[in-house]
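So the structure is just underneath, and the comments pick up after that.
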Amino acid sequence: MTASDTLKRLMIDTIASNINEVVLGFDGTPSTSSDGSAGRPAITLTPTVTVIDDATLLIEADIPTSESFDDSLKEIHVQLRDTNGNFTPITRHTIRPISKTSTNEVKIQMLIEVR
């Protein structure tokens, strides 16, 4: 038996309201379902999370033009951090390398489907 639509919506709303950090990092190793954190963190951003439908979230974060890195960004780690500093990993993705200098803007947008 599948979950009711009401329960699905409650789950997606709960996940959306708890995502409060996006960590971009330099580690380009393959992502797995058991990844616990960003490999070599570069910057932590506060995302905007939008519920698209009962199973899909849009997560957006901007890297300010004031930030620049010598190495390419190669991973995105989405997490929830509580007031005690503990975090719960949500998802980690290896991405095509992004070169971030002080002359370009970077907007991260990702869709997460929750099933």
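Read the figures in this text as sums done on the coordinates, not as results from a lab. Bear in mind that the values here come from a model prediction, so they are computed numbers and not experimental data. Please note: Cβ atoms are built from the backbone with ideal geometry, for glycine as well, and neighbour counts cover all protein chains shown.
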Tilt, helix 5-18 to longest principal axis of the chain (alpha-carbon atoms), in degrees rounded to tens, equals 30 degrees
Euclidean distance between Cα centres, segment 76-114 to segment 5-74, Å: 4 Å
For segment 68-77, in residue order, the Karplus 3J(HN,Hα) values (coefficients 6.51, -1.76, 1.60; θ = phi - 60°; whole Hz; Gly and Pro = x) are 8, 9, 6, 9, 7, 7, 10, 8, 10, 10
Loop-resident sites, segment 1-108, for GluC sites (Glu not before Pro), counting at most 16 other Cβ within 10 Å (DSSP): 67, 105
Quote the relative contact order of the chain in percent (integer), defining contacts as alpha-carbon pairs under 8 Å separated by 6+ residues. 31 percent
Size of electric dipole in the chain: Cβ of Lys, Arg +1 and of Asp, Glu -1, about Cα centre, debye, nearest 20: 180 debye
Which entry in (i) 14, 42, 32, 10, 2, 0; (ii) 11, 22, 20, 18, 17, 9, 3, 0; (iii) 16, 48, 28, 8, 1 is this structure's computed P(r) over Cα pairs in 10 Å bins from 0, in percent? (i)
What does a probe at residue 8 reach in segment 75-115, counting residues whose amide N is under 16 Å from the point 7 Å along Cα→Cβ? 112-115
Built amide H within the under 5 Å cut-off of residue 90, gap 5+: 78, 79, 80
Straight-line reach from residue 100: which aspartates and glutamates have a Cα under 20 Å away, not including same-chain ones fewer than 8 places off? 21, 27, 60, 62, 67, 70, 71, 75
Which cross-chain or sequence-distant (5 or more) residues have an amide H under 5 Å from the amide H of residue 26, H modelled 1.01 Å from N in plane? 40, 42, 74
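Hey, what number do you get for the chain at 222 nm if only DSSP H runs of n ≥ 4 count, each worth -39500 (n - 2.57), divided across all residues, to the nearest 500? Before the final figure, lay out each step's value.
On the way: 1 runs with 14 residues, N = 115.
After summing the helix terms and dividing by residue count, I get -4000 deg cm²/dmol.
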